[in-house]
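Written below as C-alpha coordinates is the structure these notes are about.
The values are calculated or read from the model by the stated rules, or taken from the named source; none is laboratory data. Computed from a predicted model, the values in this text were never measured in an experiment. For neighbour counting, all protein chains shown are included, and Cβ atoms are generated from backbone atoms with ideal geometry for every residue, glycine included. What goes into the accessible areas is simple: the full protein's heavy atoms, side chains included, and nothing from ligands, DNA or RNA. Shrake-Rupley method; radii C 1.70, N 1.55, O 1.52, S 1.80 Å.
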Amino acid sequence: QVQLVESGGGLVQPGGSLRLSCTASGFTFSAYSIRWYRQAPGKERELVGSISTAESTGYADSVKGRFTIPRDNAKYAVYLQMNSLKPEDTAVYYCSAFVQSTRYWGQGTQVTVSS
(Lines give C-alpha, C1' and ligand atoms only; values in the text may rest on other atoms or scores of the structure.)
Protein backbone atom coordinates (compact mmCIF):
# COMPACT_ATOMS: atom_id res chain seq x y z
CA GLN A 1 0.00 0.00 0.00
CA VAL A 2 1.54 3.24 -1.16
CA GLN A 3 1.66 5.91 1.51
CA LEU A 4 3.14 9.39 1.57
CA VAL A 5 3.28 11.41 4.76
CA GLU A 6 4.31 15.06 4.90
CA SER A 7 5.55 16.84 7.98
CA GLY A 8 7.38 19.99 9.00
CA GLY A 9 4.86 22.68 8.21
CA GLY A 10 4.15 25.61 10.46
CA LEU A 11 4.18 29.35 10.89
CA VAL A 12 7.26 31.24 9.76
CA GLN A 13 8.06 34.91 9.32
CA PRO A 14 8.76 36.38 5.88
CA GLY A 15 12.37 35.80 4.94
CA GLY A 16 12.55 32.69 7.09
CA SER A 17 13.22 29.08 6.22
CA LEU A 18 11.39 25.83 6.67
CA ARG A 19 12.10 22.24 5.66
CA LEU A 20 9.26 19.91 4.83
CA SER A 21 9.67 16.15 4.84
CA CYS A 22 7.85 13.50 2.88
CA THR A 23 8.30 9.91 3.96
CA ALA A 24 7.15 7.10 1.71
CA SER A 25 6.27 3.45 2.05
CA GLY A 26 4.73 0.69 0.02
CA PHE A 27 6.81 1.05 -3.13
CA THR A 28 10.42 1.03 -4.28
CA PHE A 29 11.09 4.66 -3.47
CA SER A 30 14.37 4.99 -5.34
CA ALA A 31 12.69 3.98 -8.60
CA TYR A 32 10.24 6.87 -8.73
CA SER A 33 10.28 10.61 -9.20
CA ILE A 34 8.64 12.65 -6.48
CA ARG A 35 6.83 15.93 -6.88
CA TRP A 36 5.92 18.68 -4.45
CA TYR A 37 2.70 20.62 -5.01
CA ARG A 38 0.98 23.35 -3.07
CA GLN A 39 -2.52 24.76 -2.86
CA ALA A 40 -3.30 28.19 -1.51
CA PRO A 41 -6.81 29.12 -0.34
CA GLY A 42 -9.07 29.74 -3.30
CA LYS A 43 -6.45 28.67 -5.82
CA GLU A 44 -5.74 25.56 -7.83
CA ARG A 45 -3.08 23.12 -6.80
CA GLU A 46 0.21 23.98 -8.46
CA LEU A 47 3.43 22.12 -9.04
CA VAL A 48 6.28 23.46 -6.93
CA GLY A 49 9.04 21.16 -8.11
CA SER A 50 10.20 17.63 -8.62
CA ILE A 51 13.15 15.32 -8.25
CA SER A 52 13.85 12.40 -10.54
CA THR A 53 15.38 9.03 -9.78
CA ALA A 54 18.68 10.46 -11.01
CA GLU A 55 18.24 13.38 -8.58
CA SER A 56 17.62 15.85 -11.37
CA THR A 57 15.40 18.65 -10.12
CA GLY A 58 13.03 21.17 -11.63
CA TYR A 59 11.21 24.09 -10.05
CA ALA A 60 8.39 26.48 -10.70
CA ASP A 61 9.58 29.95 -11.61
CA SER A 62 7.97 31.34 -8.46
CA VAL A 63 10.28 29.32 -6.21
CA LYS A 64 13.40 28.92 -8.33
CA GLY A 65 16.50 29.97 -6.40
CA ARG A 66 14.68 29.77 -3.07
CA PHE A 67 13.48 26.16 -2.81
CA THR A 68 15.42 22.91 -3.23
CA ILE A 69 14.31 19.28 -3.25
CA PRO A 70 16.83 16.75 -1.95
CA ARG A 71 16.02 13.10 -1.46
CA ASP A 72 17.41 10.36 0.75
CA ASN A 73 16.58 6.99 -0.76
CA ALA A 74 17.91 5.09 2.25
CA LYS A 75 15.33 6.83 4.41
CA TYR A 76 12.56 6.69 1.80
CA ALA A 77 12.34 10.44 2.19
CA VAL A 78 12.26 13.56 0.09
CA TYR A 79 12.46 17.08 1.42
CA LEU A 80 11.41 20.55 0.41
CA GLN A 81 13.91 23.10 1.69
CA MET A 82 12.27 26.51 1.55
CA ASN A 83 14.34 29.65 2.04
CA SER A 84 13.52 33.35 1.76
CA LEU A 85 9.87 32.58 2.33
CA LYS A 86 7.24 35.07 1.22
CA PRO A 87 3.63 35.51 2.29
CA GLU A 88 2.55 34.22 -1.12
CA ASP A 89 4.19 30.88 -0.29
CA THR A 90 1.40 30.29 2.24
CA ALA A 91 -0.35 27.08 1.21
CA VAL A 92 -0.89 23.45 1.99
CA TYR A 93 2.05 21.51 0.61
CA TYR A 94 1.71 17.98 -0.76
CA CYS A 95 4.17 15.40 -1.97
CA SER A 96 3.12 13.07 -4.73
CA ALA A 97 4.31 10.00 -6.59
CA PHE A 98 3.02 8.34 -9.76
CA VAL A 99 3.27 4.62 -9.08
CA GLN A 100 1.94 1.93 -11.43
CA SER A 101 -0.43 4.26 -13.29
CA THR A 102 -1.82 5.89 -10.15
CA ARG A 103 -0.92 9.27 -8.69
CA TYR A 104 -0.67 9.12 -4.94
CA TRP A 105 -0.81 12.07 -2.56
CA GLY A 106 0.07 12.72 1.02
CA GLN A 107 -2.37 14.41 3.37
CA GLY A 108 -0.57 17.74 3.11
CA THR A 109 1.10 20.04 5.60
CA GLN A 110 0.19 23.69 6.16
CA VAL A 111 2.81 26.39 5.69
CA THR A 112 1.90 29.91 6.76
CA VAL A 113 4.26 32.80 6.09
CA SER A 114 3.25 35.79 8.15
CA SER A 115 4.66 38.36 10.51
Tell me, what is the percent relative contact order of the chain, built from C-alpha pairs under 8 Å that lie six or more residues apart?
37
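By how many nm would the segment from Thr28 to Lys86 grow when fully extended, if each residue of separation counts as 0.36 nm and the alpha-carbon distance is taken off?
17.4 nm
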Bins of 5 Å, beginning at zero and ending with the bin holding the largest distance: percent of Cα pairs per bin for the chain, please.
2, 13, 25, 26, 19, 10, 5, 1, 0
I want the local charge near Pro14. Using Cβ-Cβ distances under 11 Å, sum +1 for each Lys or Arg and -1 for each Asp or Glu among the other residues.
-1
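In what order, largest first, do Asp61, Asp89 sit by accessible area if the probe radius is 1.4 Å?
Asp61, Asp89
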